[in-house]
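Note sheet for the following structure.
The values are calculated or read from the model by the stated rules, or taken from the named source; none is laboratory data. As the structure is a computational prediction, the values presented were derived from the model and not from experiment. Heads up, the Cβs are rebuilt from the backbone with ideal geometry, glycines too, and the neighbour counts pull from every protein chain shown. Quick note on the areas: whole protein, heavy atoms, side chains included, nothing else; ligands and nucleic acids left out. Shrake-Rupley method; radii C 1.70, N 1.55, O 1.52, S 1.80 Å.
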Amino acid sequence: MTASGTIIKIADVKKDYILGKAVIKALRGVTLKIQSGELLAIMGPSGSGKTTLMHLIGCLDIPTSGKIYLEGEDVSELNEEALARIRNRKVGFVFQQFNLLSRISILENVMTPLMYAHVPVKKRRESAEEALKSVGLSDRLTHRPTELSGGQRQRVAIARALVTDPSIILADEPTGNLDTETGRSILEMFNKINGNGKTVIIVTHDPEVGALARKTVHIRDGIITGID
Amino acid sequence: MFFENIKLAFKDFGSNKLRTFLSILGIVIGVASIITITTLGRSATVSIQNQVSSMGLETINIFPRGNDSEARRLFTPELAGKLKDNVEGIKDAVPINQTPMLLKHGRDSYQANVMAVTDDFTDVFDYEVESGGFITEDDNARRKSVVVLGAEAASKLFPGGDAVGKYIRIYRKQAKSFRVIGVMKTRTASMRMDFDAAVYVPRNTYNQRLKRIRRVRNYVVGTEKGADVLVVSGKIEAYLFKLTGDADSYRVISPATIAGIYTGITKTLNLFLTGIAAISLLVGGIGIMNIMLVSVAERTREIGIRKALGATPKVIRGQFLIEAVVLTLFGGLIGISFGTGLSYIITVFLKWLFAPQFSAFLLAVLFSGGVGIFFGLYPAIQASGLQPVEALTYE
């Protein structure tokens, strides 16, 4: 994939968590540039800070210090309202736990981000149906997430991440709850998404995912230990 | 998004039916009692007003009070003329005298109030003749031995009907014969007068043949068309006070003042019961707040997911607020149905007119919605303030 400029710039980012009286330094100064259209893996053992890094890139949280730029926009000191809008417009999330809303149909699940983007209902439905079709679930639109298999649920989550047409897809251990075969098909899906020009960042400790990525960032104890 | 949130709220209640029901119970009871109270209050007022206007709202009753007082001496047959001359707005002042006596026709007998009347009696009381005619000026002037029967008196003395032209005996020390010249239509009893159970004889005949009239028992005043009954009644009071100098020696009562008293009582009762209803709504509201706080805690992860998908704090706050309002409105509507049903049953039992107050329905809806907003706000703010990362990783 040819890089067409920096989409994410992380400059000396630190993140502390306060747990009771203890201060946990999850990130101790991370600097990283991610090019647009990259398929990047962030690897590291549990507790390394890789999920924290993903949360910061995804605007789910702000750093204790340092700067983060998404498509040139400084997002490190924005308030919750502004962060929510950026998450909605620029980022699509795929989680290990799928994180679908269990009380509504999968079609409504996929329509939800568009609702927050104030897209009219009719257009929402069309886009959501299309996204579900692209992940091969056209025949399950009215099903609840609980009526689907793990692989199917993750495909719903992917459809939901893609439906707003964000430039960045963030996946946190997307194959963690799936069997090898299903995991592979999900990874293939990410590969395809990346082929369509989206920047895909997968946080994982699965070497198979690492093998798929063009670039792997290794992180341990809150600092980057290597990029290959 | 508004409609999605309403839909979502219903979905949530559907999956927790018992909990939803219990949480809105307070609102249901509160609203049901408000509706019952206002509906019954209004039904009572309307029923009383109907009853009062059937008595003739335009009449005023004047009684002497106590024995041997200045006022009692004042209640002479001449007072009628004095009142008409001195008080504006009076059309007739009818002197009332009545005594219970035994009446007989053949073997049928009946104990009735014999009333001494003049021809203007029917006019003042809006009292109608069924058959024959009423006492005329001529009957009175010539002291004719004629009688007009009230509806009940007629049916007791003439079970076969057809009383006009027949003779009855009125016992006063000895039997005296009177010719029946008319039978009256039935009329609701009012102003201490049971019309149907009475018989009517000319005033002068009564004075001469039955009982000597020294003092008038009371006067019934008919007001002129368009005159304000309460104003006329105030003027009468002022005039009587001028004559006697003692406000305790007479009493001036009109159906309008009675209606006023009833309305006053109903209002006080309404206020009191509304207070109780307000307390139950308050308690109901706290119940809603409690259940919403539980709901926020249970759905922390859902809130996290929604935030990750781009829901702003405002949107989350709106979602939970709408849920609380939908919940209380739902309770309000159930309460309205219950309250209306209950008050309908009560009015049927009390034989009142059922007069539901639609403004009360509207008020109940607004109020229950308001309770939802007030008590849902805190839980909604709690939900909107959750940190996305913490909410997402909440187990």
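Name all residues of segment A:106-133 having a backbone nitrogen under 14 Å from the label point set 7 Å from the Cα of A:ASP165 along its Cα→Cβ direction, giving them as ranges.
From segment A:106-133, the list is A:114, A:119-120, A:123-124, A:126-128, A:130-131.
Whenever you get a sec, compute what percent of the accessible area on segment B:59-253 sits on carbon and sulfur atoms (1.4 Å probe).
Here it works out to 43 percent.
Of the listed pairs A:LYS67/A:LYS90; A:LYS14/A:LYS50; A:LYS122/B:LYS307, which have alpha-carbon separations greater than 20 Å here?
A:LYS122/B:LYS307
Work out, in µm²/s and without decimals, the Stokes-Einstein translational diffusion coefficient of chain A at 20 °C, 1.002 mPa s, Rh from Kirkwood over C-alpha pairs.
119 µm²/s
At 7 Å along the Cα-to-beta-carbon direction for both A:GLU188 and B:LEU362, put a label point, then send me their distance in nm to one decimal.
6.5 nm
Across the residues of A:48-59, average count of Cβ atoms on other protein chains within 10 Å?
For this peptide, the per-residue mean of nearby foreign Cβ atoms is 1.
Over all pairs of distinct alpha carbons, what does the Kirkwood formula give as the hydrodynamic radius of chain B, in Å?
Answer for chain B: a Kirkwood hydrodynamic radius of 26.3 Å.
Picking from B:ALA197, B:ALA259, B:ALA175, which is most flexible by a Gaussian network model of chain B using Cα springs under 10 Å?
B:ALA175
Using Cα-Cα distances under 8 Å and only pairs 6 or more residues apart, what relative contact order does chain A have, in percent?
Contact order relative to length: 28 percent.
Which FRET efficiency value, to the nearest 0.05, is calculated for A:LYS133 and B:ARG19 with the Förster distance at 30 angstrom and r the Cβ-Cβ distance?
0.20
Between B:LEU377 and A:ASP16, how many nm apart are label points set 7 Å from Cα along the C-beta direction?
Between B:LEU377 and A:ASP16, the label points sit 3.6 nm apart.
To the nearest 20 debye, what is the magnitude of the charge dipole of the protein assembly as shown about its Cα centre, counting +1 on the Cβ of each Lys and Arg and -1 on the Cβ of each Asp and Glu?
2020 debye
Pop the C-beta distance of B:LYS211 and B:ILE279 into the FRET formula with R0 = 56 Å and round what comes out to the nearest 0.05.
Step by step, r from the Cβ atoms, then E = 0.40.
If the cut-off is a Cα-Cα distance under 17 Å, which aspartates and glutamates reach A:LYS9, setting aside same-chain residues fewer than 8 apart in sequence?
Within reach: A:GLU38, A:ASP61, A:GLU71, A:GLU73, A:ASP74, A:GLU77.
Taking 0.36 nm per intervening residue step and subtracting the Cα-Cα distance, what contour gain separates B:GLU128 from B:ARG65 on full extension?
Contour length minus Cα-Cα distance gives 19.6 nm.
Per residue in segment A:81-103, which ones lose no less than 50 Å² of accessible surface when going from chain alone to all protein chains (1.4 Å probe)?
Residues losing area: A:GLU81, A:ASN99, A:LEU101, A:ARG103.
Does a label point 7 Å from the Cα of B:GLN174, set along Cα-to-beta-carbon, have any residues of segment B:182-212 with amide nitrogen under 18 Å, and which are they?
B:206-212
If we sort A:184-195, A:88-99 on the protection proxy, mean other Cβ atoms within 10 Å, highest first, what's the order?
Highest to lowest by the protection proxy: A:88-99, A:184-195.
Once the piece of chain linking B:ASP248 and B:LEU342 is laid out straight, how much longer is it, given 0.36 nm per residue of separation minus the C-alpha distance between them?
29.4 nm
Can you check how the C-alpha radius of gyration of segment B:282-390 compares to 2.2 N^0.38 Å, as a plain ratio?
1.41
Given contacts defined as C-alpha pairs under 8 Å and at least six residues apart, what's the relative contact order of chain B, whole-number percent?
29 percent
Roughly how big is the A-B contact, given as buried accessible area in Å² (both sides, 1.4 Å probe, nearest 100)?
Buried: approximately 2400 Å² between B and A.
Packing-wise, with mean Cβ within 10 Å as the measure, how do A:40-48, B:351-359 rank, highest first?
Descending mean neighbour count gives A:40-48, B:351-359.
Suppose only helical runs count, i.e. DSSP H with n ≥ 4. What mean residue ellipticity at 222 nm does that imply for chain B under -39500 (n - 2.57) per run, divided by all residues and rounded to the nearest 500 deg cm²/dmol?
Helices in chain B give a 222 nm mean residue ellipticity of -19000 deg cm²/dmol.
Probe of 1.4 angstrom, ligands and nucleic acids ignored: what's the accessible area per residue over segment B:59-253, in square angstrom?
48 Å²
In peptide B:298-306, how many Cβ atoms from other protein chains are near each Cβ within 10 Å, on average?
Rounded to a whole number, the mean comes out at 3.
Taking Cα pairs under 8 Å and at least six residues apart, what relative contact order does segment B:59-253 come out at, in percent?
Here the relative contact order equals 35 percent.
Between A:ASP221 and A:LEU141, what is the FRET efficiency for a Förster distance of 51 Å, r being their Cβ-Cβ separation, to the nearest 0.05?
E between A:ASP221 and A:LEU141, to the nearest 0.05, is 0.70.
List the DSSP H helices in chain B whose Cα atoms stretch 15 Å or more along the helix axis and whose mean Kyte-Doolittle hydropathy is at least 0.5.
Membrane-span-like by this rule: B:17-55, B:229-244, B:255-298, B:313-350, B:358-384.
If the label point is 7 Å along Cα→Cβ of A:LYS9, which residues in segment A:24-68 have backbone nitrogen under 18 Å from it?
What the label zone holds, given the 18 Å backbone N cut-off, is A:30-38, A:57-59, A:63, A:65-68.
Sum up the lysine pairs in segment B:59-253 that clear both bars: alpha-carbon distance under 19 Å and a spacing of 8 or more or different chains.
25
Distance in nm between label sites at B:THR186 and A:VAL121, each 7 Å beyond Cα in the beta-carbon direction?
So the two model labels end up 5.9 nm from each other.
For segment B:154-215, just say rounded, prolate or oblate: build the C-alpha gyration tensor, square-root its eigenvalues into a ≥ b ≥ c, call rounded for a/c under 1.5, and beyond that prolate if a/b exceeds b/c, oblate if not.
Cα axes put segment B:154-215 in the oblate bin.
How long, wide and thick is segment B:59-253, going by the Cα atoms along their three principal axes, in whole angstroms, largest first?
52, 36, 28
Considering only B:LEU333, B:LEU366, B:LEU18, give the residue with the highest GNM mean-square fluctuation for chain B, with springs between Cα atoms whenever their separation is below 10 Å.
Answer for the Gaussian network model of chain B: B:LEU18.
Based on the mean of other Cβ atoms within 10 Å per residue, sort peptides B:293-301, A:170-178 so the most packed one is first.
With the highest mean Cβ count within 10 Å placed first, the list reads A:170-178, B:293-301.
Starting from the Cα gyration tensor of the protein assembly as shown, multiply each eigenvalue by 5, take the square root, and state the resulting semi-axes largest first in whole Å.
Gyration-tensor ellipsoid for the protein assembly as shown: 95, 24, 17 Å.
Summarise the long-distance tail of P(r) for segment B:190-230 by giving the % of C-alpha pairs beyond 12 Å.
Percent of Cα pairs beyond 12 Å in segment B:190-230: 74.
Mind telling me which of B:ARG107, B:ARG73, B:ARG215 comes out most flexible in a GNM of chain B, alpha-carbon contacts under 10 Å?
Looking only at B:ARG107, B:ARG73, B:ARG215, the biggest GNM fluctuation is shown by B:ARG107.
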